[in-house]
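Below: the structure, in structure tokens.
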Amino acid sequence: MNEKIIEYARALDQVSRDRRRDFHKHAETAWYEMRTSAIIAKTLTELGYEVLTGSQVCLDEARIGLPAKEELRAHGELALEQGAPAEYLTEEMKQGFTGVIGILRCGAGPVVALRFDIDALGLFEDEKEGHRPYREGFSSVNPGMMHACGHDGHAAIGLGTAEVLMKIKDELHGTVKLIFQPGEEGGKGARAIVAHGHLDDVDYFVGTHIAPDDGPDDGDVTPGTWGSLANSRYDVEFLGQAAHAGGFPENGKSAIVAAANAVINLTAIPRHSGGITRVNVGTIHGGSGRNVIPEKAVIQMEVRGETTEICNYMDSEARRICQAAADMTGCQCRMISMGACESQRSDVDFLEQIAEIVERELPQLKISTVKNAQNWGSEDISFMMNRVQAHGGKATYMRSMTKTASAQHTTAFDFDEKVLVNAIETFSAIAWSLLK
């Protein structure tokens with residue numbers, strides 16, 4: 001069977017590259033992934049999968065950080081113009097219900113979930129001859145949206161894995177769930193899928209992320225990771241009272257003063273003895289002129305913690321400080337959640353099992369010397385992993401290594417597309433081994 005998996009995956013080399021480049025060219029950020037979702041839904045349907053879209057994927061009340069309705073509607077029309085298959089671009093998708101789940105039922109047996117995030121970042125892509133996507137004509141045509149983290153590759157890997165598993169479905173015993181997740185950047189999408197219950201019956205959960213091969217990972221596959229920081233992100237609005245700064249300053253309540261006090265005091269949150277903490281204010285905007293006491297100011301901020309509990313401490317302190325800064329200046333404060341992540345760990349026995357599967361079934365791929373590598377940053381795959389682990393299932397978050405043109409989350413990011421077939425082989429071999 002391993003020879004068949006390798007054969008089927010390698011036959012998808014060019015189509016996977018083409019899919020990745022198409023997704024890259026039409027990059028879509030969180031809750032805008034309408035064209036991407038429609039194409040994925042069409043492909044899975046044609047392959048013969050049971051397909052869930054729209055509100056079947058993400059629970060409405062669990063979605064956060066949604067763009068304005070008119071902006072979503074406008075992007076829906078753009079997605080149609082850019083080639084989204086009309087019969088799959090549903091009205092719900094145009095309301096920001098993006099993401100797709102493909103289900104392959106193969107009788108009695110375990111439930112295996114494979115996760116592929118599909119959203120882009122809010123960046124303007126490089127327009128330089130040295131940047132291959134620009135030079136070869138597949139850089140983003142959507143200004144301010146760019147696949148700078150490899151999620152275009154993840155989407156292509158997911159579709160390739162879907163094709164291979166459908167070809168070997170008679171060898172499988174159980175259920176496969178292919179989760180194409182919206183809104184990973186900023187921690188928006190995973191918990192809305194979890195809240196819908198899609199992870200509640202999962203026995204084995206596997207995700208991966210394309211990663212540079214010049215770091216601590218010295219193989220083609222790192223079977224497990226740990227240490228992603230829990231995270232909470234907010235837009236904080238301070239609302240005061242406008243007044244003439246020279247004529248009647250006593251009538252004003254400065255929202256900028258409130259915001260400035262919040263910024264200073266957020267950085268003074270006492271760190272936690274239990275582990276790593278982070279706090280950052282990334283932007284501050286407000287005011288209308290030098291002689292007007294400003295009535296509105298907004299900051300974008302985040303806190304992180306090594307564990308979910310430590311992050312909860314940072315979150316509570318941040319809320320207290322922002323409210324106190326508003327109270328002190330007679331302003332109002334509104335904190336709008338823009339995303340969150342929990343802390344994450346892979347099951348060691350499961351990642352060891354995956355290492356054995358890859359070494360046995362895919363001997364052309366090398367397992368990294370460090371099988372369980374430390375992550376930094378934050379990743380909302382944690383919500384999915386933690387839900388599976390909470391009811392006794394096994395979960396791991398792998399890395400798939402390749403050469404990259406620059407660091408992730410930079411405007412010159414690109415990667416060697418050979419990783420696509422490697423990852424398709426890896427996911428397919430894992431699913432087959434768990435369900436054979």
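The values are calculated or read from the model by the stated rules, or taken from the named source; none is laboratory data. This structure is a prediction, so every number in the text was calculated from the model and none was measured. Here the Cβ positions follow ideal geometry from the backbone for every residue, glycine too, while neighbour counts run over all protein chains shown.
Hey, can you tell me all the residues within the stretch 109-132 that are within 22 Å of F180 (Cβ to Cβ) and either more than 22 Å from the chain's Cα centre (by Cα) or modelled with pLDDT under 95 (or both)?
First, the residues of the stretch 109-132 that are within 22 Å of F180 (Cβ to Cβ): 110-123.
Across the stretch 109-132, the qualifying residues are P110, V111.
How many residues does the stretch 349-366 hold that are loosely packed, with under 14 Cβ neighbours inside 10 Å and part of a helix (DSSP H, G or I)?
So in the stretch 349-366, the residues loosely packed, with under 14 Cβ neighbours inside 10 Å come out as 349, 356, 360, 363-364.
Filter again for part of a helix (DSSP H, G or I), leaving 349, 356, 360.
Summing the residues that are loosely packed, with under 14 Cβ neighbours inside 10 Å and part of a helix (DSSP H, G or I) in the stretch 349-366 gives 3.
Can you spot a residue in the stretch 296-309 that is part of a helix (DSSP H, G or I) and in contact with a Phe, Trp or Tyr (Cβ under 6 Å, 6 or more places away or on another chain)? Reasoning before the result, please.
Of the residues in the stretch 296-309, the ones part of a helix (DSSP H, G or I) are 308-309.
Among the residues that remain, those that are also in contact with a Phe, Trp or Tyr (Cβ under 6 Å, 6 or more places away or on another chain) are: none.
Within the stretch 296-309, not a single residue is part of a helix (DSSP H, G or I) and in contact with a Phe, Trp or Tyr (Cβ under 6 Å, 6 or more places away or on another chain).
Can you find a residue in the stretch 361-381 that is among the aliphatic types (A, V, I, L, M) and in contact with a Gly (Cβ under 6 Å, 6 or more places away or on another chain)?
Pass one, the stretch 361-381, residues among the aliphatic types (A, V, I, L, M): 362, 365, 367, 370, 373, 381.
Checking which are in contact with a Gly (Cβ under 6 Å, 6 or more places away or on another chain) leaves us with 367, 381.
There is at least one residue in the stretch 361-381 that is among the aliphatic types (A, V, I, L, M) and in contact with a Gly (Cβ under 6 Å, 6 or more places away or on another chain).
Could you tell me how many of the residues in the stretch 387-430 are in contact with a strand residue (DSSP E or B) (Cβ under 8 Å, 6 or more places away or on another chain) and assigned to a helix (DSSP H, G or I)?
Final tally of qualifying residues: 9.
Within the stretch 1-10, take every residue that is modelled with pLDDT of 95 or more and not hydrophobic (A, V, I, L, M, F, W, C) and give me the one that is surrounded by the most Cβ atoms within 10 Å (Cβ to Cβ). Walk me through it before giving the result.
So in the stretch 1-10, the residues modelled with pLDDT of 95 or more come out as 4-10.
Remaining after also requiring not hydrophobic (A, V, I, L, M, F, W, C): 4, 7-8, 10.
Values: K4: 14, E7: 11, Y8: 19, R10: 12.
By that ranking, first place goes to Y8.
If the Cβ limit is 6 Å and pairs must be 6+ apart or interchain, which residue in the stretch 129-144 that is at positive phi pairs with which residue that is part of a loop (DSSP other than H, G, I, E, B) and of a type in the set (F, W, Y)?
Listed pairs, sorted by first residue: G144/F124.
Please list, ordered by residue number, the helices (runs of 4 or more DSSP H) wholly in the stretch 11-106 having 3 or more residues that are crowded, with 16+ Cβ neighbours inside 10 Å and at pLDDT below 95.
Numbers: elements: 13-25, 34-47, 69-81.
By residue number, no helices (runs of 4 or more DSSP H) qualify.
Within the stretch 261-281, work out how many residues are touching a strand residue (DSSP E or B) at 6+ places or on another chain (Cβ under 8 Å) and either farther than 12 Å from F238 by Cα or without any contact (Cβ under 8 Å) to a residue 60 or more places away in the chain (or both).
Narrowing the stretch 261-281 to residues touching a strand residue (DSSP E or B) at 6+ places or on another chain (Cβ under 8 Å): 262-263, 266-267, 269, 271-272, 275-281.
Cutting the leftovers down to either farther than 12 Å from F238 by Cα or without any contact (Cβ under 8 Å) to a residue 60 or more places away in the chain (or both) gives us 263, 266-267, 269, 271-272, 275-281.
Counting residues in the stretch 261-281 that are touching a strand residue (DSSP E or B) at 6+ places or on another chain (Cβ under 8 Å) and either farther than 12 Å from F238 by Cα or without any contact (Cβ under 8 Å) to a residue 60 or more places away in the chain (or both) gives 13.
So which residues in the stretch 135-175 are of a type in the set (V, I, T) and over 17 Å from A431 (Cα atoms), if there are any at all? Break it down into steps so the answer makes sense when it comes.
Quick first cut of the stretch 135-175, residues of a type in the set (V, I, T) only: 141, 157, 161, 164, 168, 175.
Correct list: V141 only.
Look through V141, V111 and report the one residue that is within 26 Å of D416 (Cα to Cα), of a type in the set (A, V, I, L, M) and surrounded by fewer than 24 Cβ atoms within 10 Å (Cβ to Cβ). Outline the logic, then answer.
On the way: V111 fails: within 26 Å of D416 (Cα to Cα).
Criteria check complete, one pass: V141.
Condition test on G122, is it touching an Asp or Glu at 6+ places or on another chain (Cβ under 9 Å), under 27 Å from A79 (Cα atoms), touching a residue at least 24 places away in the same chain (Cβ under 8 Å) and surrounded by 22 or more Cβ atoms within 10 Å (Cβ to Cβ)?
On the way: touching an Asp or Glu at 6+ places or on another chain (Cβ under 9 Å): yes; under 27 Å from A79 (Cα atoms): yes; touching a residue at least 24 places away in the same chain (Cβ under 8 Å): yes; surrounded by 22 or more Cβ atoms within 10 Å (Cβ to Cβ): no.
When the stated conditions are applied, G122 does not pass them.
Based on what the data block shows, is A431 at pLDDT 95 or above and either closer than 16 Å to T161 by Cα or acidic (D, E) (or both)? Step through it out loud before you land on a result.
Working: at pLDDT 95 or above: yes; either closer than 16 Å to T161 by Cα or acidic (D, E) (or both): yes.
Yes, satisfied.
Cβ contacts < 7 Å: first residue within 21 Å of R19 (Cα to Cα), restricted to the stretch 65-87; second residue at pLDDT 95 or above and part of a loop (DSSP other than H, G, I, E, B), any location; separation 6+ or different chain. Result?
Hits for this filter: H75/Y32; G76/L89; A79/L89; L80/A86; L80/L89; Q82/H26.
What are the residues in the stretch 370-382 that are of a type outside the set (D, E) and either surrounded by fewer than 22 Cβ atoms within 10 Å (Cβ to Cβ) or outside any helix (DSSP H, G or I) (or both), if any?
To start, the set of residues in the stretch 370-382 that are of a type outside the set (D, E) comprises 370-378, 381-382.
Result: V370, K371, N372, A373, Q374, N375, W376, G377, S378.
Just checking, how many residues over the stretch 274-300 are under 26 Å from M385 (Cβ atoms) and not basic (K, R)? Even if it seems obvious, please write down each step before you answer.
As a first pass, look at the stretch 274-300 and keep what is under 26 Å from M385 (Cβ atoms): 274-280.
Those still in the list that are not basic (K, R) too: 274-277, 279-280.
Matching residues across the stretch 274-300 total 6.
Filter the stretch 152-180 down to the residues that are among the hydroxyl-bearing types (S, T, Y) and touching a Gly at 6+ places or on another chain (Cβ under 8 Å) and list them by number. Steps first, please.
Pass one, the stretch 152-180, residues among the hydroxyl-bearing types (S, T, Y): 161, 175.
Answer for the stretch 152-180, where residues must be among the hydroxyl-bearing types (S, T, Y) and touching a Gly at 6+ places or on another chain (Cβ under 8 Å): just T175.
Taking the stretch 316-352, which residues are farther than 20 Å from A190 by Cβ, in contact (Cβ under 8 Å) with a residue 24 or more places away in the chain and not hydrophobic (A, V, I, L, M, F, W, C)?
Correct list: E317, T329, G330, Q332, R334, D349, E352.
Mind telling me which of the residues G289, G330 ends up being outside the structural domain of A62 (by TED's automatic domain parsing), modelled with pLDDT under 95, in a loop (DSSP other than H, G, I, E, B) and not polar (S, T, N, Q)? Quick ask: steps written out before the conclusion?
On the way: G330 fails: modelled with pLDDT under 95.
Selected residue: G289, the only one of G289, G330 that is outside the structural domain of A62 (by TED's automatic domain parsing), modelled with pLDDT under 95, in a loop (DSSP other than H, G, I, E, B) and not polar (S, T, N, Q).
For the stretch 199-222, does any single residue satisfy the condition of being on the phi > 0 side of the Ramachandran plot, surrounded by fewer than 24 Cβ atoms within 10 Å (Cβ to Cβ) and either under 14 Å from the mean Cα position of the chain (by Cα) or not basic (K, R) (or both)? Walk me through it before giving the result.
Within the stretch 199-222, the subset on the phi > 0 side of the Ramachandran plot is none.
No, every residue in the stretch 199-222 fails to be on the phi > 0 side of the Ramachandran plot, surrounded by fewer than 24 Cβ atoms within 10 Å (Cβ to Cβ) and either under 14 Å from the mean Cα position of the chain (by Cα) or not basic (K, R) (or both).
Which residue out of A405, A395, A390, A412 is surrounded by fewer than 16 Cβ atoms within 10 Å (Cβ to Cβ) and either among the hydroxyl-bearing types (S, T, Y) or modelled with pLDDT of 95 or more (or both)? Break it down into steps so the answer makes sense when it comes.
Details: A405 fails: surrounded by fewer than 16 Cβ atoms within 10 Å (Cβ to Cβ); A395 fails: surrounded by fewer than 16 Cβ atoms within 10 Å (Cβ to Cβ); A412 fails: surrounded by fewer than 16 Cβ atoms within 10 Å (Cβ to Cβ).
A390 is the lone residue from the list that is surrounded by fewer than 16 Cβ atoms within 10 Å (Cβ to Cβ) and either among the hydroxyl-bearing types (S, T, Y) or modelled with pLDDT of 95 or more (or both).
State which residue pairs qualify: first residue small (G, A, S) and inside the stretch 293-306, second residue crowded, with 24+ Cβ neighbours inside 10 Å in any location, beta carbons under 6 Å apart, and separation of 6 or more residues or different chains.
Short answer, once both residue conditions are applied: A297/F238; A297/A255; A297/A259; G305/A230; G305/C311; G305/M314.
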